[in-house]
Amino acid sequence: MSLATVAYPALKSLLLAAMLPPAPLLLLAACGGWRLHRHRRGGGLLLAVALLGVWLSATEAVGELLSRAAGQPAALSPTQLNDLRGRTDGAVLVLGGGVNRYAPPYDAGSPKTATAERLAYGVWVARRSGWPLAFSGGIGWAATELRESEASIVGRVAAEDYALPLRWAEGSSRDTRENAANTLPLLHKDGVRRVVLVTHAEHMRRSLRAFEAAAAPLGMQVVAAPVGLRADALTSFDDWCPSPGGFARVRYVVYETLAWWSGR
């Protein structure tokens, strides 16, 4: 294992900690406080902007606005779902979003929330379309604590909890590009020509870029089936108040935007 391979997860975690909310806003608040302490102009304004930013960066409304600005995909429509029925050349592919190495209630590894949501929707689509289920996810670059791939853990959950065993389980991918590069040839080899791709809405744009690039040489078609869309996240007073879900969503959108720009 090269030094670069060992250092990359640590460097990635460090950069993300510095770039994702609330770190930049806290730095701005510190700068404003320092200027106030030194009786320099603009300190109060910087501090006010930073505090407002901390508030808004933990709201569902800002997460929704950022998601739309980044190109939020449309939900899989009933018409699209109906068109899937009767075809024999398709598969529903769920992308991993993280797993817990060990969950005491289950005495085994378990999907994290993002993966559990994707799997539940993937099962829902698979049952209504009649298409077999596939999953892609290994041990991510930063998941240094894992000893078992996401695909292995999710395969057990799909079979035991949903009574829908995975037809394909790809467990060597470390990121989205490898999900596409490793999984599509596997599906193509078994005659799959159309793939319903299940991942979160915030992750879909980057996923489609990777999967469509890998699908084109194989003559395969990718259909987006995003998870996590909300009918309305702007009009309620609660949407503009900080919440754990709002904070997580804003961080997720910012993370995906950074990953998109970096080409990862």
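When the criteria are applied in full, TYR121 fails the requirement of being more than 13 Å from ALA225 (Cβ to Cβ) and among the aromatic types (Phe, Trp, Tyr).
In the stretch 19-38, the residues that are within 18 Å of PHE247 (Cα to Cα) form Cβ pairs under 6 Å with partners that are part of a helix (DSSP H, G or I) and of a type in the set (Lys, Arg), at six or more places apart or across chains, as follows: LEU20/ARG251; PRO21/ARG251.
Conditions (1) at positive phi; (2) part of a helix (DSSP H, G or I); (3) within 19 Å of the chain's Cα centre (by Cα), marked per residue:
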| position | (1), (2), (3) |
| --- | --- |
| ALA126 | no, yes, no |
| ILE153 | no, yes, yes |
| PRO165 | no, no, no |
| ALA181 | no, yes, yes |
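Do we have any residue at all in the stretch 227-248 that's aliphatic (A, V, I, L, M), under 20 Å from THR113 (Cα atoms) and part of a helix (DSSP H, G or I)? Checked the stretch 227-248: at least one residue is aliphatic (A, V, I, L, M), under 20 Å from THR113 (Cα atoms) and part of a helix (DSSP H, G or I). Would you tally the residues in the stretch 64-108 being among the polar types (S, T, N, Q) and outside any loop (DSSP other than H, G, I, E, B)? Summing the residues that are among the polar types (S, T, N, Q) and outside any loop (DSSP other than H, G, I, E, B) in the stretch 64-108 gives 5. Exactly one residue out of ALA10, ALA61, ALA29 is modelled with pLDDT under 85, hydrophobic (A, V, I, L, M, F, W, C) and not in a loop (DSSP other than H, G, I, E, B): that is ALA10. None of GLY122, GLY109, GLY140 is modelled with pLDDT under 95, more than 13 Å from the chain's Cα centre (by Cα) and small (Gly, Ala, Ser) except GLY109. Taking the stretch 144-172 as the range and being without any contact (Cβ under 8 Å) to a residue 60 or more places away in the chain and either under 24 Å from ALA213 (Cβ atoms) or touching an Asp or Glu at 6+ places or on another chain (Cβ under 9 Å) (or both) as the test, the residues that pass are SER149, GLU150, ALA151, ALA169, GLU170, GLY171, SER172. Do you know which of the residues in the stretch 185-240 that are under 19 Å from the mean Cα position of the chain (by Cα) and among the hydroxyl-bearing types (Ser, Thr, Tyr) is farthest from ALA126 (Cα to Cα)? The residue in question is SER207.
Applying the selection to the stretch 52-85, what residues are touching a residue at least 24 places away in the same chain (Cβ under 8 Å), farther than 12 Å from VAL250 by Cβ and not charged (D, E, K, R)? Those that are touching a residue at least 24 places away in the same chain (Cβ under 8 Å), farther than 12 Å from VAL250 by Cβ and not charged (D, E, K, R): GLY71, GLN72, PRO73, ALA74, ALA75, LEU76, GLN80, LEU81, LEU84. Could you identify the single residue in THR235, THR199 that is outside the structural domain of ALA58 (by TED's automatic domain parsing), surrounded by fewer than 18 Cβ atoms within 10 Å (Cβ to Cβ) and not aromatic (Phe, Trp, Tyr)? When all the criteria are applied, what remains is THR235. Could you please let me know if ALA103 is surrounded by fewer than 17 Cβ atoms within 10 Å (Cβ to Cβ) and in the same structural domain as GLN221 (by TED's automatic domain parsing)? Spelling it out, ALA103 is indeed surrounded by fewer than 17 Cβ atoms within 10 Å (Cβ to Cβ) and in the same structural domain as GLN221 (by TED's automatic domain parsing).
The values are calculated or read from the model by the stated rules, or taken from the named source; none is laboratory data. For clarity, every value in this text was computed on a predicted model and none was experimentally measured. Cβ: placed from backbone, ideal geometry, glycine included. Neighbour counts: every protein chain shown.
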